[in-house]
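Just so it is clear, none of the values below were taken in a lab; they were calculated from the coordinates. It should be emphasised that the depicted structure is a prediction, and the values quoted were computed from it without experimental measurement. Methodologically, a virtual Cβ is constructed for each residue, glycine included, from the backbone with ideal geometry; neighbour enumeration extends over all protein chains shown.
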């Protein structure tokens, strides 16, 4: 009887050790990990696969508990100042002051036979180098024609990999955009609708530098990855579009089976509040600034 009891303890202990090993590495908590360049050694690739599996379970539980799950990391935390807490006014464009200035990114996405709009407020004061790089990419048309290569329901959707311009190169999707990195500018938390840069794991990137092009949208309030990625913007309209992307059928690599394409991203300077366009079942949409509209759209918006 005593031997059986000790045997059970041993088995339970081994199971606990294996579980601890699976979630010990900081990269298990990283939403951009699936899009990182594979490491050279097979052992690292194995760890990444285990981490991705643990990641889904961990963050599903975190989302159900309101994103309050906490973890520890031995990697140095790189920040550029105190964490910015969300402002109710900042999260509600209808309440913006009349003389307030805002930098917006208007993103047109095509999927399901339709073209949808996602509007993002950028944070140039808190992430100046990241925002400047993002604006340069948008103005040059870099993102035009790229696809969303990662979609995990209730977690993230991700795009910005230049390899996704080539539909025949799907086996490489998620590994591009590493030609340039940016310093960490970590000030904003991960709340639903946060827009952040993907990066390589702490094991090879202890300074938590962002890659130069891939970015993702958070679909939950993930306190456990705060202080780990540069959040440089916030969705202010079209969050329902982002959620719908996360619900699309995906393959074994969480890549949408049907192509979801970024048609364009236009950068705008906007003054004052945005007007409510419509109230959807799962969120409010705001009208695009006139500078983002075509001639016919401006005319219709004015008279209808």
The range 82-289: relative contact order in percent, alpha carbon pairs under 8 Å with at least 6 residues between: 32
Fewest-first sequence of 246, 264, 213, 140 by Cβ atoms within 10 Å of each Cβ: 140, 264, 246, 213
Fewest-first sequence of 181, 159 by Cβ atoms within 10 Å of each Cβ: 181, 159
Percent RCO, i.e. relative contact order, over the range 143-219, from Cα pairs under 8 Å lying at least 6 residues apart: 33
Sorted by Cβ neighbour density within 10 Å, fewest at the top, the residues 114, 150, 200, 209: 114, 209, 200, 150
Alpha-carbon Rg with Dmax, taken over the range 138-230, Å: 13.3, 38
